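Colleague: Take a look at the following structure, please.
Any read-out appearing in this document is the output of simple, stated calculations on the displayed coordinates, not a laboratory observation. Given the structure is predicted, the values throughout are model-derived calculations rather than measurements. All Cβ positions, even for glycine, are placed from backbone atoms using ideal geometry, and neighbour counts span all protein chains on display.
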Protein chains: 4
Amino acid sequence: MNHSSHTDQAMQACIEACNHCHQVCLQTAMNHCLKTGGKHIEAEHFRLMMNCAEICQTSANFQLSSSHFSHRLCEVCAEVCEACAADCEKLGGMDECVEACEQCAESCRKMASAQH
Amino acid sequence: MNHSSHTDQAMQACIEACNHCHQVCLQTAMNHCLKTGGKHIEAEHFRLMMNCAEICQTSANFQLSSSHFSHRLCEVCAEVCEACAADCEKLGGMDECVEACEQCAESCRKMASAQH
Amino acid sequence: MNHSSHTDQAMQACIEACNHCHQVCLQTAMNHCLKTGGKHIEAEHFRLMMNCAEICQTSANFQLSSSHFSHRLCEVCAEVCEACAADCEKLGGMDECVEACEQCAESCRKMASAQH
Amino acid sequence: MNHSSHTDQAMQACIEACNHCHQVCLQTAMNHCLKTGGKHIEAEHFRLMMNCAEICQTSANFQLSSSHFSHRLCEVCAEVCEACAADCEKLGGMDECVEACEQCAESCRKMASAQH
């Protein structure tokens with residue numbers, strides 16, 4: 001495999017990870033968290049879920065449009081995903097979110113360092 | 001004033017109304033509603049606030065890009081804004097949101113009928 | 001299968017179709033169309049591609065958040081996808097886009113009628 | 001004026017700058033650039049315009065939701081705005097875009113350093 005197609009595969013994987021994380025965070029926040037209440041709708045947690053959903057969407061869109069700034073978005077996206085994963089783990093009962101955030105963070109870290 | 005510049009002015013006013021409503025709904029939901037709790041974070045109300053913020057953003061973006069489908073987005077945007085205004089009025093203490101939603105709904109109704 | 005889980009499956013399929021169509025339209029417009037030039041970057045065609053990408057994103061987000069207005073977004077999304085599919089078919093060499101738009105339009109039509 | 005209200009004013013100004021830059025870049029790209037053609041629709045320039053519009057939107061949304069990551073988004077937003085301003089200046093005839101991007105970059109730089 002040449003360098004270019006390897007990069008393409010890594011980026012496509014990162015787009016999928018961002019997209020999956022966007023879906024899981026948005027769907028969980030707007031359904032599970034709102035219905036469960038309590039700590040799930042405390043400002044800090046809920047904001048993090050919504051911010052994570054949005055940065056994942058933007059990060060995917062930058063990569064889809066082959067932006068030169070994709071690695072910068074991936075870097076910030078990884079930070080938000082890591083914070084969201086940690087917060088969801090602390091809260092408990094959010095396994096799907098934790099996994100999606102961790103996977104997205106890992107994929108974004110790779111892209112962030114690869115494209116420098 | 002010729003027809004074209006009249007249309008442009010009406011559209012620019014609608015873009016501003018959508019944008020203002022997007023800002024007020026998002027800022028209020030993610031700050032006032034999350035902090036106040038109670039009925040402000042019941043699923044139905046909170047969803048409506050977030051949906052209203054998003055459709056206003058999309059409606060503005062369609063108009064900014066001169067989409068042929070702007071009037072269709074404006075139509076749906078007006079419906080969501082009217083529902084959000086009514087829900088915020090029922091809840092009380094949400095005057096800025098009520099006003100922003102009503103103003104955006106009115107502006108979107110005009111655009112929806114003008115562009116048919 | 002009960003009614004509820006059937007609805008959930010149909011909505012999940014529509015979210016996937018919207019998401020796929022968003023990705024294909026955005027990636028194709030910002031890479032293939034910009035590189036190919038000519039008719040691919042004529043205002044009408046390019047706008048339709050970008051509008052289609054955005055409405056698919058919004059339609060998916062409304063469904064992910066269980067919005068009561070999902071069927072209204074799906075209705076408009078179907079219209080934009082059908083227009084985009086027709087325009088891409090006329091242009092030629094856009095088979096992936098045509099297929100993604102047609103599949104998304106069909107899925108959105110189902111959701112639009114099911115949720116009334 | 002106390003620290004908190006000063007911060008609020010600076011953030012509100014940055015939200016407005018991001019929002020204005022989003023509007024100008026999107027509207028210019030999807031109208032002026034597509035109609036003018038030539039260098040205005042070369043991939044690098046057009047992408048930068050669209051990426052700038054999107055990051056400004058996301059940066060505004062993070063600030064509107066009082067995200068702890070607002071300063072990180074502002075940092076990346078400033079970089080994209082600076083690149084877009086430089087590219088628009090080189091191209092010529094894009095004064096409104098240059099001004100909006102420079103103003104947004106300056107406002108975002110302030111927020112990025114203030115919130116550390």
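Colleague: How many partner chain Cβ atoms sit within 10 Å of a residue's Cβ in peptide D:38-46, on average, as a whole number?
Modeller: 4
Colleague: Here's another thing I want to ask about it. Along region C:7-21, what does the Karplus equation 6.51 cos²θ - 1.76 cosθ + 1.60 (θ = phi - 60°) give for ³J(HN,Hα), rounded to whole Hz, x for Gly and Pro?
Modeller: 4, 4, 5, 5, 5, 4, 5, 5, 4, 5, 5, 5, 5, 4, 5
Colleague: Another question about this same structure. For q values of 0.08, 0.10 Å⁻¹, compute log₁₀ I(q)/I(0) with the Debye formula on a Cα-only model of the protein assembly as shown, without solvent.
Modeller: For the protein assembly as shown, the Cα-only Debye profile gives -0.42, -0.68.
Colleague: In whole angstrom, how far apart do the alpha carbon centroids of region A:57-108 and region B:7-58 sit?
Modeller: Here the two parts' Cα centres lie 25 Å apart.
Colleague: While we're on this one: Enter the mean number of other protein chain beta carbons within 10 Å of the beta carbon of each residue in D:50-61, as an integer.
Modeller: So the per-residue partner count for this stretch is 6.
Colleague: A follow-up question, please. Order these peptides, C:87-95, B:105-113, A:98-106, by their mean beta-carbon neighbour count within 10 angstrom, highest first.
Modeller: A:98-106, B:105-113, C:87-95
Colleague: Highest GNM mean-square fluctuation, chain A, Cα pairs closer than 10 Å: which of A:Asn61, A:Asn51, A:Asn31?
Modeller: Comparing A:Asn61, A:Asn51, A:Asn31 in the GNM, the peak value goes to A:Asn31.
Colleague: Now, a different point. Rounded to the nearest 10 degrees, what's the angle between the helix C:43-64 long axis and the longest principal axis of chain C, both from Cα atoms, 0 to 90?
Modeller: So the helix axis and the longest Cα principal axis differ by about 20 degrees.
Colleague: Over the residues of region D:16-61, compute the C-alpha Rg and express it relative to 2.2 N^0.38 Å.
Modeller: In units of the globular-protein estimate, region D:16-61 measures up at 1.13.
Colleague: Find out how many positive minus negative residues lie around D:Ala53, taking Lys and Arg as positive, Asp and Glu as negative, among other residues whose Cβ is under 13 Å from that of D:Ala53.
Modeller: Result for the neighbourhood of D:Ala53: -1.
Colleague: Which value results for Rg/Rh of chain D when Rg is the Cα radius of gyration and Rh the Kirkwood radius based on the inverse mean 1/r?
Modeller: Working: Rg = 14.4 Å, Rh = 14.0 Å.
Radius of gyration over Kirkwood radius for chain D works out to 1.02.
Colleague: Note down the nm distance, to one decimal, between modelled labels 7 Å out along Cα→Cβ at B:Ala43 and at D:Lys39.
Modeller: For B:Ala43 paired with D:Lys39, the spin-label model returns 5.6 nm.
Colleague: Here's something else I'd like to know. Which of C:Lys39/D:Lys90; A:Lys39/B:Lys39; C:Lys90/C:Lys110; A:Lys39/B:Lys35; C:Lys35/D:Lys35 have a Cα-Cα distance over 22 Å?
Modeller: C:Lys39/D:Lys90; C:Lys90/C:Lys110
Colleague: Distances from C:His32 to the same residue in each other copy, label points 7 Å out along Cα→Cβ, in nm, shortest first?
Modeller: Those separations, rounded to one decimal, come out as 3.0, 3.6, 4.6 nm.
Colleague: Can I ask one more? Enter the mean number of other protein chain beta carbons within 10 Å of the beta carbon of each residue in C:23-30, as an integer.
Modeller: 5
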